[in-house]
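Taken together, the values in this text are just the output of simple stated rules run on the coordinates, not laboratory data. As the structure is a computational prediction, the values presented were derived from the model and not from experiment. Here the Cβ is made from the backbone with ideal geometry for all residues, glycine too, and neighbour counts use every protein chain on show.
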Amino acid sequence: MDTVSGKVVVITGASSGIGEATGRLLASRGARVVLAARRVDRLEKIVQEIVAAGHEAAAVPVDVTHRGTVEKARDFAVERFGRIDVWINNAGLMPLSYLDKLHVDEWERMVDVNIKGVLFGIAAALPVMMKQNAGHIINISSVAGHKVGMGGAVYSGTKFAVRAITEGLRMEVSGRYHIRATIISPGLVETELLTTITDQDALAALSARVPGAPLTSQSIAAAIAYAVEQPESVSVNEIIVRPTEQLN
């Protein structure tokens with residue numbers, strides 16, 4: 001039995017990259033997806049294509065740094081589809097830089113999106129899932145949440161935080177409310193995140209870590225789908241996915 005079909009899935013950062021690929025894949029498997037991001041025009045185009053293919057999808061504007069908009073996305077999903085089975089905190093930034101470059105504005109933005117954005121998503125989803133006595137929260141971290149690379153001190157700090165938050169979430173809600181918690185940690189993925197790196201030294205250091213081809217967004221979407229499709233009695237807590245030639 002396909003345990004993806006019929007589930008209501010909310011995905012932040014869904015206008016491109018991993019979020020878009022995950023939305024398309026889960027919708028093709030029968031999920032009802034709510035795609036959330038700031039770029040509404042892009043979201044609506046993706047939704048139109050998913051619906052044209054015979055699947056269910058809706059778009060909602062969200063800036064994950066503002067808790068109120070995240071809660072509105074939650075309310076929209078419940079009003080539209082009646083419940084939320086899976087919430088995927090995918091929105092993230094990766095403007096790597098060496099600390100001595102003092103890109104403080106970028107540090108602050110990463111903390112706001114990568115940490116607070118995840119917490120706001122959890123805060124929005126939990127009340128619905130607790131009432132349902134079921135649900136699944138998936139947080140997108142990184143291999144940078146396991147190992148610090150050159151130029152990645154602040155980014156890794158945010159992703160280590162996401163790992164800690166996800167493990168604490170699992171311990172607190174899985175037994176009492178039957179809510180599953182999963183963290184997905186991708187290696188280098190060919191997404192728009194790479195274009196946010198303004199420190200060319202940090203970008204060169206990142207590129208040197210993967211001598212071959214990076215992952216595609218579809219590869220990470222497949223890992224997310226694997227976690228989602230497990231029966232309710234099975235909780236996949238952590239998945240690390242690296243390009244074959246990435247050593248660190």
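Some points to look at:
- Taking other residues whose beta carbon is less than 15 angstrom from the beta carbon of I184, and scoring Lys, Arg as +1 and Asp, Glu as -1, yields +2.
- Amide hydrogen neighbours beyond the local backbone of V241, cut-off 5 Å, H modeled: S185, G187
- Full-extension gain in nm, R67 to K147, via 0.36 nm per residue minus C-alpha separation: 25.8 nm
- Reduced Cα scattering model of the chain, Debye log10 I(q)/I(0), q = 0.11, 0.15 Å⁻¹: -0.53, -1.01
- DSSP H segments from the chain that extend 24 Å or more along their own axis, Cα-based, with Kyte-Doolittle mean of -1.0 or above: 153-177
- When each of V47, V234, V241 is scored by the number of other beta-carbon atoms lying within 10 Å, the sequence from fewest to most is V234, V241, V47.
- Label-point separation in nm, S235 to A204, each point 7 Å along Cα→Cβ: 4.6 nm
- Stretch gain in nm, segment V40-Q218, where the contour uses 0.36 nm per residue and the Cα spacing is subtracted: 61.9 nm
- A simple spin-label model places pseudo-atoms 7 Å from Cα toward Cβ; at R80 and S28 they are separated by 2.0 nm.
- 30 Å Cα cut-off, lysine pairs counted over region 1-147 (separation 8 or more, or different chains): 12
- Its Cα gyration tensor gives region 121-248 an equivalent ellipsoid; the semi-axes, largest first and in whole Å, are 30, 16, 12.
- With kT/(6 pi eta Rh) evaluated at 4 °C and eta = 1.567 mPa s, and Rh the Kirkwood radius from Cα pairs, region 36-87 diffuses with a coefficient of 111 µm²/s according to Stokes-Einstein.
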